[in-house]
Structures are given as structure tokens and as C-alpha cells.
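One structure below.
Nothing in this text is a laboratory measurement; each read-out follows from the coordinates by a stated rule. Just so you know, these numbers come straight off a predicted model, no measurement behind them. Because the Cβ atoms are built from the backbone with ideal geometry, glycine has one as well, and the counts that use them run over all protein chains shown.
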Amino acid sequence: MRSGFRGASKEAGKDRSWPQRVLLYTVSVVRVVVSRFPSKVRSLVADVVAAVIYWPLAKFSRLVEKVGGDPSLVPLFQYRHRSFFVTRNDALDRFGTRLEKRYSKEGVRQLLEGAGFEKVVFSEDPPWWVAVARR
């Protein structure tokens, strides 16, 4: 089962705080377990995770934003303007997929440049690893 943890690379976690790294590792462990469940069980787990974790945090960050606070201080704030369907689908993608590979910004840049792309520009806002490049 050790091979399932390869996605949580040191490179991707080097710019994160220790609580974020612990959370990343925990999510990776849960993902390895859940991804081995039958399809219907994975789907049910994704529904529960979306309803109990993703959705409440997203809506709380939206409330923080409405009262003038910084929503980026709330985990999963990127979902604050997304539908439940999107959050549920992303929960299924995160926890229902056996293979997950995480890259740092520099790792994405190297992949693109190695494939012949030039002038790689990354988004300044979340999701941060969205990039535009020319070939």
C-alpha cells in the first residue's frame, strides 16, 4: 500500500505549513483506502464528504467574504461560488481516484517547458496552477 502515497510528493508540500502537510498526508491516506471501495460506496463517501466538509466550509467562506473578511483563510474557499454538484464531483475525484499526483508550481512549469511550451504564465488567483503557455 506504500505506493499509494507517492502523489504526496515532498516537492508539492515544501511551500506548505506543517498543519497543511499533515492534512495533505491524512487526505492521501483516506484517498488510498476509499479509492479501493466499490463504485457505489466511493460515490456515497463523496456525497458525505461534500455535504459534511466541502459544502459547509465553502458556504462559510462565502459568508466571510460577504461580511468583508478574507475568504482565503477558510479551507476550500475556492468552492464558495460553486454548486453542490461541483463540490461533490471534486470530492469524488479527490477520494475516488487511486492515482493522484501532486505538483508544485515549478514542477508544472518544468513539465510544460519539457513539452516544448514557452512563456508559461500562472494564474495569480486560485486555482493557482492554471497556466497559459505558447508553443
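A few points about this structure:
- Helical mean residue ellipticity (222 nm; -39500 (n - 2.57) per DSSP H run of 4+; nearest 500) of the chain: -15000 deg cm²/dmol
- Once the Cα gyration tensor of the chain is diagonalised, semi-axes √(5λ) in Å: 25, 22, 15
- Relative contact order of the chain, pairs being alpha-carbon contacts under 8 Å that are 6 or more residues apart, as %: 27 percent
- Calculated FRET efficiency for the pair SER83/VAL120, C-beta based, R₀ 41 Å, to 0.05: 0.85
- Cleavage-rule hits (trypsin sites (Lys or Arg not before Pro)) in the stretch 55-126: DSSP loop, at most 15 neighbouring Cβ within 10 angstrom: ARG98, LYS101, ARG102
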